[in-house]
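S.K.: First the structure, then my questions, so here it is.
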Amino acid sequence: MTTAASNLETLQRVWQPPPGIVGFFTSVNHRNVGLRYIVTGLAFFVLAGIAALLMRIQLMYPQNTFLNPDLYNQLFTMHGATMMFLFAVPIMEGIGIYLVPLMIGSRDMAFPRLNAFGYFVYLIAGSVLWVSLLFGSAPDGGWFAYVPLTGPRFSPELGMDFYATVITFLEIAALVAAVELIVTILKLRAPGMSFNRLPLFVWSILVMAFMIVFAMPPLITASVELALDRTVGTQFFNPENGGDPLLWQHLFWFFGHPEVYIIFVPALGMVSSVIPTFARRPLAGYTFLVLSFVAIGVISFGLWVHHMFTTGLPILGLSFFTIASMMIAIPSGIQIFSALATLWHGKVRFTTPMLFALGFVVNFVLGGISGVMVAAVPFDWQVHDSYFVVAHFHYVLIGGAVFPLFAGLHYWFPKIKGRMLSDRLGRWSFWLVFIGFNVAFFPMHISGFLGMIRRVYTYRPSAGLEELNIISTLGSFVLAFGFLLFFVNVARSLRSGTKAPDNPWDAGTLEWATTSPPQPYNFARIPVVRSTYPLWDTPNGEVEWSEIQFNDERRETLGTTTLQAQPEQRVTLPGPTWTPVFTALVVAFTFISVMVDLVLVPVGVLLIFVMLSIWHWPRGRHRDMNYVKAGPEGALPVSTVISTHGGRPPFWPGMILLIVIEAVVFAALIASYFYIRAGSAEWPQQGLDRPDLLLPTLNTVILLASSIPIWWGDRGIKKGNQKQLKIGWALGAIIGAVFLALKIYEYGSLSYAYGWERSAYTSLVWTIVGYHAVHVFALLLKTLVVGALALKNHYNEERNAAVQVNGLYWHFVVLVWLPLYATLYLSPYLLGSVE
């Protein structure tokens, strides 16, 4: 007993985050970071709700003067941007960050510092966006920011610069969280938790994270192109110089419609956790539900054009998107039928979480019906840009996401804070939210049929819309009061709520196997999983614990194989550090400097390099191989530094995901090139000559050659040959620098006619080449760090995984140049003239 108590004291000391304000800025524990996401997301939810109430007051009466048109447009944009970018996605990621390690039996996330960095990026981006409203410079072009209205000609003010810059910056946080969640789920599951035993909520988070990886990069491409149009005079969306405004809509909605399901899929996961618990039986159709999650994730990428049915696209092409828009109702329907089957055969307890889950079923079905209606092109032509679409949109997002979210918040609050919420206040909150929501938004279907146009600050008295708008406004205040009761309930429970037992709901998943709230280390021993509901499969609801040994003097958790979750490695994790917050600040400085003075951008890049070097530089005892490998006798190998045992360390799939994200960005740029080309009467535009091939072809061969010494050096260090590593990486860096120098010479010698502001064609060429050049420059900077560590003989035959991962990224940057070279240099010759 003394030894066990001593081990617990050691774990407590090692895993306990610092207290107070220092802890806020330095803690990297997943539960601290996840809770910050949740609280910050709810704060932005309140701000967006206040903006919505102000707009509803304005629309209560025709030709109301409560808000002027400019302020209405700013509030409208801030409401939409906050709900979609600052509330819905981040709070779903935050709940995943908090719960996923608990539900899969892990002590933390795979990359705790990266996790904290993502939160600070999110906090800074959201704060900057809302501060712009206080100074009267908020974006006013809608959360969708359609060009050319948001371009430099029609929106010369600073507001849309805030949008283009902050949204690009904000997506970094979303992608960071997605990578964190994917790698954690793939590599840190408890022994025995194979994919067919994964909790449905974890499945939903995994699908959501993969969707983010593929959906967010096109938005980054679009927002960067908009920012370049506004700041340096590129012509991506200017039709007078060969650009096309519809390019923005294609890129934006390729992200925008999957985003609806990025929000919706984890909401389904919450319902899939709540309903089995209060129906007292496993959810019906586990395999079909998992397949429906995956199907929703895949099909959602084929729907984006149904936002563009009225833009004049060919009817034959629109039929594909009509089919896809209707088809996605099938996997969504499976979720509803599974919930109903579980309820039908269960012993239902109508607690507050269950009421919100049932409210989701009712409201989402209504939203789904109207969704199938607008999927039909002729019907969409009639109701497009009317309040019918506003009603549908909110039935899907509030009914399909916010109701499950509040079900989840009521359900997991005892686990998070160790106190129970008042069920009486919870029921009052539910009924006010349910009634207020339907009173507010159902009449909008009718006002849309009567011709009320969305995104407009007023309407004519003769339109006969006043009564419906009064009802909607009153309903919105009832809805707001219902949400207010939830926050009152939380405040009351935090002050004097009943203390919660470890498993107050008698639930079946692993997060309920630990204390409420959990200890900083989550689990003193790692659980073993034999089924989807491990707490329901033992007589007393007790978990089977593994005997795997760790080095308790530092932060370690278990790494397992991807498919079967067999123990594979000990994963060492960092403790509290200031590095994430300072890195987030210098990245924020770099992005914001774009709006101030472009001269500051190189300063920001230099600061980012310094911070990343500090981030990755081994400190203290981590230079000592004996300390790195230290652990109990017979313990698993340490995966983060030892690559000879055969298992991949977590940062290997992390690098694969970074490569996938970068590849999607490059693909979006190539798609932009060919989209503009397809709509141009001549190519290159404005009579420019086709690009010369001699120097670019020679330079391509040079870049390809740089991979050879890098591969040779990587191979050498695997055998412990440090000299081979140093020579290989030095040669690779020299060849890479030659490529970059020749590329600078090539574009520095171009005539004025090839300036990026000349046409959409030249804008595309400069952006694509410049973006790749940034990657090569980053590779050279990374080589400085790797080379400096190699000179210190830091790497050897056991510690070389970081070298292999950096080499993998080098080869990616080299290979991705081939489709760029084919696009920019060969395609004007191979495809011929457009004329």
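S.K.: Between W344 and T538, what is the FRET efficiency for a Förster distance of 41 Å, r being their Cβ-Cβ separation, to the nearest 0.05?
M.R.: Plugging the Cβ-Cβ distance into 1/(1 + (r/R0)^6) gives 0.90.
S.K.: Now for a different question. Whole-Hz Karplus ³J(HN,Hα) for region 752-759, in order, using 6.51 cos²θ - 1.76 cosθ + 1.60 and θ = phi - 60°, x for Gly and Pro?
M.R.: 4, 4, 9, x, 5, 8, 6, 7
S.K.: Ranked highest first by the average count of other Cβ atoms within 10 Å around their residues, in what order do 89-95, 396-402, 427-433 fall?
M.R.: 89-95, 396-402, 427-433
S.K.: What's the FRET efficiency of Q12 with E547 using the Cβ-Cβ distance as r and R₀ = 30 Å, to the nearest 0.05?
M.R.: Result of the calculation: an efficiency of 0.90.
S.K.: R525 accessible area, nearest 10 Å², 1.4 Å probe?
M.R.: My reading of the accessible area for R525 is about 110 Å².
S.K.: Provide the per-residue ³J(HN,Hα) series for region 21-37, in order, calculated from phi with Karplus coefficients 6.51, -1.76, 1.60 and θ = phi - 60°, each as a whole number of Hz, with x at glycine and proline positions.
M.R.: 5, 4, x, 4, 8, 10, 5, 10, 4, 4, 6, 5, 5, x, 5, 4, 4
S.K.: Can you give the relative contact order of region 479-545 as a percent, counting alpha carbon pairs under 8 Å and 6+ residues apart?
M.R.: Reported relative contact order: 26 percent.
S.K.: Follow-up. Round to the nearest 0.05 the FRET efficiency obtained for A822 and E757 when R0 = 35 Å and r is the Cβ-Cβ distance.
M.R.: 0.85
S.K.: So if I take the centroid of the Cα atoms in region 772-827 and the same for region 19-71, what is the distance between those two points in Å?
M.R.: Comparing the Cα centres of region 772-827 and region 19-71, I get a distance of 41 Å.
S.K.: Sticking with this one: Which whole-angstrom value gives the distance between the alpha carbon centres of region 370-392 and region 442-478?
M.R.: With region 370-392 and region 442-478 each reduced to a Cα centre, they are spaced 16 Å.
S.K.: Just tell me which lysines come within less than 24 Å, Cα to Cα, of K726; anything on the same chain fewer than 8 places away is out.
M.R.: Straight-distance partners of K726: K718, K782, K792.
S.K.: Tell me the accessible surface of F434 in square angstrom (1.4 angstrom probe, heavy atoms of protein chains only), to the nearest ten.
M.R.: Accessible area, nearest 10 Å²: 40 Å².
S.K.: At what distance in nm do the modelled label points of D502 and I369 sit from each other, each positioned 7 Å from its Cα along Cα→Cβ?
M.R.: 4.7 nm
S.K.: Still on this model: Loop only per DSSP, at most 14 neighbouring Cβ atoms within 10 Å: give me the trypsin sites (Lys or Arg not before Pro) in region 595-679, ordered by residue number.
M.R.: When the trypsin sites (Lys or Arg not before Pro) of region 595-679 are filtered for loop state and at most 14 Cβ neighbours within 10 Å, R619 remain.
S.K.: Now for a different question. Whole number in Å², please: accessible area per residue of the chain, 1.4 Å probe, ligands, DNA and RNA not counted.
M.R.: Solvent-accessible surface per residue comes out at 38 Å².
S.K.: Over the heavy atoms of D70, what accessible area does a 1.4 Å probe trace out, to the nearest 10 Å²?
M.R.: Per-residue accessible area (D70): approximately 100 Å².
S.K.: What are the extents of the Cα atoms of region 685-785 along their three principal axes, listed from largest to smallest and rounded to whole Å?
M.R.: Principal axes ranked by extent give 57, 25, 17 Å for the Cα atoms.
S.K.: Going by accessible area, probe 1.4 Å, with all protein chains left in place, what is the ranking of E797, E682, largest first?
M.R.: Ranked list, largest accessible area first: E797, E682.
S.K.: Using a basic spin-label model with each label point 7 Å from the Cα along Cα→Cβ, how many nm lie between A630 and T458?
M.R.: Roughly 7.4 nm, to one decimal.
S.K.: In whole percent, how big is the carbon plus sulfur part of the accessible area of the chain, probe 1.4 Å, protein atoms only?
M.R.: 68 percent
S.K.: For region 585-637, what is the convex hull volume of the alpha-carbon atoms per residue, in Å³?
M.R.: 95 Å³
S.K.: Oh, and also: Just grab the label-to-label distance for M326 and D423, each label 7 Å out from Cα along the Cβ direction, in nm (one decimal).
M.R.: So the label points at M326 and D423 sit 4.5 nm apart.
S.K.: Shifting gears a bit: Specify whether the C-alpha gyration tensor of region 1-107 places it in the rounded, prolate or oblate class, a ≥ b ≥ c being the square roots of the eigenvalues: rounded for a/c under 1.5, otherwise prolate if a/b is larger than b/c and oblate if not.
M.R.: prolate
S.K.: Would you mind putting 444-450, 461-467 in packing order, based on average other-beta-carbon counts within 10 Å, highest first?
M.R.: 444-450, 461-467
S.K.: What order do you get for 563-570, 686-693 when each peptide is scored by the mean count of other beta carbon atoms within 10 Å, highest first?
M.R.: Result, highest mean Cβ count within 10 Å first: 563-570, 686-693.
The values are calculated or read from the model by the stated rules, or taken from the named source; none is laboratory data. Predicted model, so just to flag it, every value in this text is computed and none were measured. Quick reminder, even Gly has a Cβ in these numbers, built from the backbone with ideal geometry, and neighbours come from all protein chains shown. Just so you know, the surface numbers come from the protein's heavy atoms only, side chains and all, with ligands and any DNA or RNA stripped out. Shrake-Rupley method; radii C 1.70, N 1.55, O 1.52, S 1.80 Å.
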